[in-house]
Amino acid sequence: MTDLFEPLTLRGVTLRNRIGVSPMCQYSCAPDGLPTEWHLAHLHARAIGGAGLVIVEATGVSPEARITPADLGLWSDAHIPGHARLAAAIAAAGSVPGIQLAHAGRKASSMPPWVGGVAGPEQHGWEPLAPSAVAFPGLAMPRAMTEADIAQVIADFAATAKRAVAAGYRFIEIHAAHGYLLHQFLSPLSNQRNDGWGGDFAGRTRLTRAVVEAVRAAVPDDMPLAIRFSHTDWAEGGWTTEETVELARQVKAQGIDLADISSGALVPAQIPVGPGYQVPGAAAVRAGAGIPVAAVGMITEPRQAQEILTEGKADLILLARALLRDPYWPLHAAAALGRTEALRIPPQYDRAWGALGKMPMDDAIAEPMPAL
């Protein structure tokens, strides 16, 4: 039985438990894409809360790769110092610092969700790229990518991965889900190309496989590399769970160490949302591709998370909204499951958490951080 508080080793990196912070866009940058104090406070709090892995939000591999002009970027060396500060803060709190590398494709040049709509020139917007000139409903018409555009995207992912390593991240995830560029190439609903980058399964998966190959070659052998898939489009004629299993098998052979399994967001669709609704997809990929997987999707309760691991449906639990609501979810989970000995707490917080049961103190967290 896999325990929620059991370490997980991927290549040369060991997570202290099976709880991770899923990458969550904060839309809190200036158009330069540089990290801010918001990102530092947001991510450091969740590392202090006890998660074994903290993954920084979808980070643009180029300016046009961002979802909105307020997204985080790592497309230049000027971004490295800010990311280095994020990675160092996460690591200092005992978590593994990770980052998700992304290209939004036809969903780029949008506005933050609380604003809505398309970013025009006055909002620092730009023309989005996509496999085909097929727009996502309500967003701008993208330009179909040329061979040169595709080559540039592959190079951008690799170059950004190298910067992530330089910044101190110890875990990289490639975003191939949620209707963004790599997912757009995977699905027949958005990829209508008739060249070597479209058509059959091999053509539609070619860009994802090329990005995986380039990123794997750009990072150290001991660094774990993950990929996020939407295992189904929940739409007739779209990308399927069976195709996800096969692609997961192929990218595992290329050096992917973990598949992070979500679903949907390529096209508007009726999704049967409910507690743990993404978990069957994760279980299917784990069983069919023989690869470690992360489960996501309305996982909110400690016993629910433990049951997913106990039943062999996943190897890692990634939380999003639950951790937005409660940065200390891992500590609360340890208390709820009677496992207060399993997590180390900051000695600065011992007066609070020590009252719930004996939690070992993490002396490393007591070390002074750099002055502001």
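When segment 82-137 is filtered for residues that are open to solvent by 20 Å² or more (accessible area, probe 1.4 Å), part of a loop (DSSP other than H, G, I, E, B) and not hydrophobic (A, V, I, L, M, F, W, C), the ones remaining, listed by number, are 94, 113, 116, 117, 124, 125, 127, 137. Of the residues 79, 44, 124, the single one that is over 30 Å from residue 142 (Cα atoms), of a type outside the set (S, T, N, Q) and at pLDDT 95 or above is 44. Taking the residues in segment 154-185 that are open to solvent by less than 30 Å² (accessible area, probe 1.4 Å) and among the charged types (D, E, K, R) as candidates, determine which candidate is nearest to residue 90 (Cα to Cα). Selected residue: 173.
Return the residues of segment 1-27 that are open to solvent by less than 30 Å² (accessible area, probe 1.4 Å) and assigned to a strand (DSSP E or B); say none if nothing qualifies. 8, 10, 13, 15, 19, 20, 21 - these are the residues of segment 1-27 that are open to solvent by less than 30 Å² (accessible area, probe 1.4 Å) and assigned to a strand (DSSP E or B).
Checking each residue in segment 49-68 for being assigned to a loop (DSSP other than H, G, I, E, B) and open to solvent by 10 Å² or more (accessible area, probe 1.4 Å) picks out 66, 67. Is it the case that segment 260-278 has a residue that's in contact with a Lys or Arg (Cβ under 7 Å, 6 or more places away or on another chain) and crowded, with 16+ Cβ neighbours inside 10 Å? The answer is yes, given that some residue of segment 260-278 is in contact with a Lys or Arg (Cβ under 7 Å, 6 or more places away or on another chain) and crowded, with 16+ Cβ neighbours inside 10 Å.
Is at least one residue of segment 300-308 assigned to a loop (DSSP other than H, G, I, E, B) and either under 29 Å from residue 107 (Cβ atoms) or modelled with pLDDT under 95 (or both)? Yes, there is a match, as at least one residue in segment 300-308 is assigned to a loop (DSSP other than H, G, I, E, B) and either under 29 Å from residue 107 (Cβ atoms) or modelled with pLDDT under 95 (or both).
Do you know which of the residues in segment 192-229 that are part of a loop (DSSP other than H, G, I, E, B), closer than 24 Å to residue 132 by Cβ and free of Cβ contacts under 8 Å to residues at least 60 places away in the same chain is least open to solvent (accessible area, probe 1.4 Å)? Out of the qualifying residues, it is 205. Exactly one residue out of 20, 33 is among the small types (Gly, Ala, Ser), over 30 Å from residue 339 (Cβ atoms) and modelled with pLDDT of 95 or more: that is 33.
Please work out if residue 63 is in contact (Cβ under 8 Å) with a residue 60 or more places away in the chain and either closer than 15 Å to residue 331 by Cβ or more than 17 Å from the chain's Cα centre (by Cα) (or both). So residue 63 passes the test.
The values are calculated or read from the model by the stated rules, or taken from the named source; none is laboratory data. The shown structure was predicted, so the numbers you read here are calculated from the model rather than taken from an experiment. For neighbour counting, all protein chains shown are included, and Cβ atoms are generated from backbone atoms with ideal geometry for every residue, glycine included. The accessibility values were calculated without ligands, DNA or RNA, using every heavy atom of the protein model including side chains. Shrake-Rupley method; radii C 1.70, N 1.55, O 1.52, S 1.80 Å.
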